[in-house]
Amino acid sequence: MAAGKLLVYLLRRDLRATDNPILHFLATSRDHDFTHLLPVYVFPAQQIEISGFLKEGQQSPYPQARSRVGGYWRCGPHRAKFIAQSVWDLKETLQKINSGLVLRVGETVDVLSHLLQGLRDKSLNVGGVWMTEELSSEELEEQRAVEALCTENGINFKLWPDEKYFIDDRDTGLDKPGDLPDVFTTYRKSQEPLRERPRKSLPLPAQSSLPLLPDQSVLPPQHGPFQIPESIDDLKACLIKPLGIILSNPPRFPDGAQSGHPFQGGETHARDRMRHLVKSGAITSYKETRNGLLGLDFSTKLSAYLALGCISARQVHEELLKFEDGTEKTYEQADGYGKGENAGTTGVRFELLWRDYMRLCTAKFGQKLFKLSGFTQEDSYGQKWKTANKRNAAPGQQPSPDKISQLLERFNEGTTGMGLIDATQRELFLTGYTSNRARQNAASFLSKHLDIDWRYGAEWYEMMLIDFDVSSNWANWQYVAGVGNDPRGDARIFNPVKQAFDYDKDGEYVRTWVHELRELEKPENVFQAWTTSSAELQRCGLADNIMVVDPLKRIDFKLDRKPRSSRRPFPRKRGGGRGRGGGRRGGNGGGDGSLGRSNEGSSDDAGQKPGSDFKNGQMTNGSTGSQQSRGGGAFRAKHNPAYLYPANNFSNGGWYPDYHMRGRGQDNYYRGGGRWLGHRGAFQGSFHQPMYGPLIHTYPPPPNMHPGTLH
């Protein structure tokens with residue numbers, strides 16, 4: 001080894017051995033002189049709490065990994081477990097081909113510095129440090145710090161293009177981030193036909209084809225005061241232990257309830273999941289089932305794997321090709337085998353492109369992704385939001401900061417009194433997953449019904465979601481809150497009671513997760529327990545339940561209401577005049593926890609004024625907070641309430657409205673430097689899949705597409 005040359009490969013969100021450009025190059029190319037390869041994964045101290053790795057009696061040199069607004073953990077127990085499984089799965093895969101993976105904790109630059117010093121002490125020649133490029137702010141800073149350290153030590157540093165996405169950045173025709181269209185439809189049209197765009201995936205390196213793994217004896221140990229466990233169970237325990245009690249009054253896991261995301265992390269399980277989706281017919285029926293709330297296969301549930309790079313989008317695409325072309329015999333019993341592209345497979349590709357777009361928006365737009373005012377409002381707009389922070393609260397804020405803190409606690413624990421919201425929040429807390437439809441409603445309820453700083457919700461979901469990624473989560477919270485790229489802004493509001501009747505008409509989902517309500521007979525009572533008669537409340541033991549006596553919101557909703565007769569669609573023009581437009585965010589990372597997850601063709605309600613209730617199509621006074629809208633008087637005066645219906649009159653949510661209109665990207669971070677993931681310009685940052693997006697109005701189907709694509 002002393003006479004050889006070592007390459008350090010720092011892995012982050014590229015946790016796969018197959019279709020891994022760096023491993024493929026090292027295994028197949030003669031254009032390098034590395035004799036040894038050291039793959040390293042670092043659990044980053046700024047994003048994951050690592051005090052569970054401390055040696056007994058020691059203190060961490062790093063601050064706790066908590067969010068800035070709500071003080072929540074950056075990574076909760078569900079995602080921590082999934083990451084640990086994904087890392088361990090990659091480690092075992094690499095061992096099978098006579099390589100390996102070294103695990104470390106801390107800030108990446110500290111880990112690398114300690115590693116380089118230890119190798120130098122043993123006269124080992126480190127010839128290079130490589131990593132895959134990311135496009136989010138923290139990853140950009142990390143890349144710069146690593147590059148600076150390498151420069152200081154005279155070591156070659158290289159950022160490789162991130163190729164886990166659908167269309168390779170070198171093939172988009174964009175020279176720099178600023179060239180990305182602000183409207184998704186424009187970008188989509190420039191990339192069609194989508195079925196022909198992805199590059200081919202790369203095979204798993206052959207056994208013993210990679211440069212040798214250095215002997216463990218020559219590697220310096222984890223730098224103090226931390227230590228690395230030897231088993232997957234101990235690894236998970238170290239990650240989960242410091243998180244402690246997250247809620248003071250946590251919901252219990254209801255009898256008979258089942259997680260909608262019971263899947264293990266890792267490349268092996270990602271491939272198994274993808275094959276199951278095709279074999280079971282779930283891919284073919286994706287468009288019809290994507291708005292589901294309960295079950296395993298109503299959405300793809302690939303988002304967590306895609307976010308960590310356990311599987312690449314082009315690997316998903318290739319499995320679809322095998323099914324469509326009839327070239328994979330194991331799929332021959334699946335509905336639609338060998339019959340070409342269908343509504344479901346088209347929809348999946350569409351969402352994969354949407355994920356690409358969200359990531360590219362992350363590079364184009366700056367730190368506004370995390371700003372209270374979003375990237376479409378002025379800074380002063382943020383002063384309209386209610387906060388639990390006494391220093392930031394407006395003078396005389398009502399409810400008071402202390403009261404807002406209580407409201408946030410009830411929102412997070414699922415005791416708001418709004419059945420759909422409570423079921424959503426409990427499922428999220430207990431399983432790390434909730435559907436796209438549920439996420440949209442929760443975001444709208446917090447930001448537009450309670451008028452609370454939307455960033456509390458974005459941070460809570462960042463902590464709890466298994467499939468979190470920064471672009472999807474934060475951009476879609478902006479969108480629903482009305483500060484993102486939705487042209488309708490504050491005018492788009494979800495009525496959670498109507499939504500419950502539309503998507504959970506018998507109350508099965510709410511009863512599953514809010515066990516206290518199971519004995520209630522009428523769905524309208526399940527959706528708002530306070531509407532139940534006194535006699536039935538007594539019978540069910542709910543008379544004194546906080547969801548009954550003190551709901552955070554009361555919405556007087558009648559099933560026999562007549563919808564507005566005029567349903568004119570908004571024009572495509574963005575901004576201008578009445579704030580009209582058809583753009584919308586997708587979402588999931590996203591959103592339904594499946595792919596990029598757009599909210600295409602959903603029959604959602606919109607236009608209800610924040611701080612007010614809805615009765616027979618008319619506004620009534622709300623029970624919580626200020627009645628002032630956050631969109632500004634002039635904007636609200638010109639924006640009448642409206643209903644949203646299935647796009648293009650196709651049933652079951654219709655056909656993806658995104659084919660007609662998507663708004664501007666809401667993801668950000670561009671700080672220059674680096675490359676445009678290839679031979680052009682420059683750009684670095686981080687991507688994360690979309691999570692959920694608001695509704696849209698009805699538009700005629702595009703002439704070049706057929707109905708029924710996506711989800």
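The values are calculated or read from the model by the stated rules, or taken from the named source; none is laboratory data. What you are looking at is a predicted structure, and each value in this text was computed from that prediction instead of being measured. Here Cβ is always computed from backbone atoms with ideal geometry, including for glycine, and neighbour counts include all displayed protein chains. Each accessible area value is taken on the protein alone, full model and side chains, heavy atoms only, with ligands, DNA and RNA left out. Shrake-Rupley method; radii C 1.70, N 1.55, O 1.52, S 1.80 Å.
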Spelling it out for G106: with amide H atoms placed in the peptide plane at 1.01 Å from N, the residues 5 or more places away or on another chain with amide H under 5 Å from its amide H are F43, A45
Result: in region 267-366 the number of Lys pairs with C-alpha under 28 Å apart, spaced 8 or more or on different chains, is 15
The answer for region 74-211, accessible area per residue at 1.4 Å probe in Å², is 38 Å²
The answer for trypsin sites (Lys or Arg not before Pro) in region 502-539 that fall in a DSSP coil and have at most 16 neighbouring Cβ atoms within 10 Å is K505, R518
So D179 and S29, fully extended at 0.36 nm per residue minus their Cα-Cα distance, gain in nm 50.6 nm
Residue span S405 to S217: 0.36 nm per residue of separation minus Cα-Cα distance leaves a gain in nm of 62.5 nm
With every protein chain kept in place and a 1.4 Å probe, region 401-549 has an accessible area per residue in Å² of 22 Å²
In debye to the nearest 20, the charge dipole size for region 270-309, taken about the Cα centre with +1 at each Lys and Arg Cβ and -1 at each Asp and Glu Cβ, equals 100 debye
Surrounding charge for L408, neighbours by C-beta under 13 angstrom, Lys/Arg +1, Asp/Glu -1, total -2
The alpha-carbon pair-distance distribution computed for region 267-366, with 5 angstrom bins and whole-percent values, is 2, 13, 23, 24, 20, 10, 5, 2, 1, 0
In this structure, among K91/K158; K5/K200; K164/K448, pairs with alpha-carbon gaps over 29 Å are K5/K200; K164/K448
Among trypsin sites (Lys or Arg not before Pro) in region 267-340, those in a DSSP loop whose Cβ has at most 15 other Cβ atoms within 10 Å are K339
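Quick check: at a probe of 1.4 Å, how many percent of the accessible area of region 401-549 sits on carbon and sulfur atoms?
On the way: 1480 of 3310 Å².
C and S fraction of accessible area: 45 percent.
Leaving out ligands, DNA and RNA, what percent of the accessible area of region 267-366 is carbon and sulfur, probe 1.4 Å?
48 percent
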For region 147-232 the GluC sites (Glu not before Pro) that pass both the DSSP coil test and the at-most-11 other-Cβ-within-10 Å test are E230
The simple spin-label model distance between D544 and S280, using points 7 Å out along Cα→Cβ, in nm, is 4.4 nm
If the chain between D325 and Q207 were fully extended at 0.36 nm per residue, the gain over the current Cα-Cα distance would be 39.4 nm
For region 267-366, the per residue accessible area (1.4 Å probe, Å²) is 29 Å²
With R₀ set to 51 angstrom, the calculated FRET efficiency between the beta-carbons of R120 and S190, to the nearest 0.05, is 0.55
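In debye, nearest 20, what is the charge dipole magnitude of region 445-502 about its Cα centre with +1 on Lys and Arg Cβ and -1 on Asp and Glu Cβ, if you could check?
Roughly 260 debye, rounded to the nearest 20.
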Computed curve, region 401-549, Cα-only Debye sum without solvent term, log₁₀ I(q)/I(0) at 0.14, 0.15, 0.17 Å⁻¹, is -0.65, -0.75, -0.94
When all Cα-Cα pair distances of region 7-156 are considered, the percent exceeding 19 Å is 58 percent
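D for region 168-281, whole µm²/s, Stokes-Einstein with Kirkwood Rh over alpha-carbon pairs at 4 °C and 1.567 mPa s: what number?
61 µm²/s
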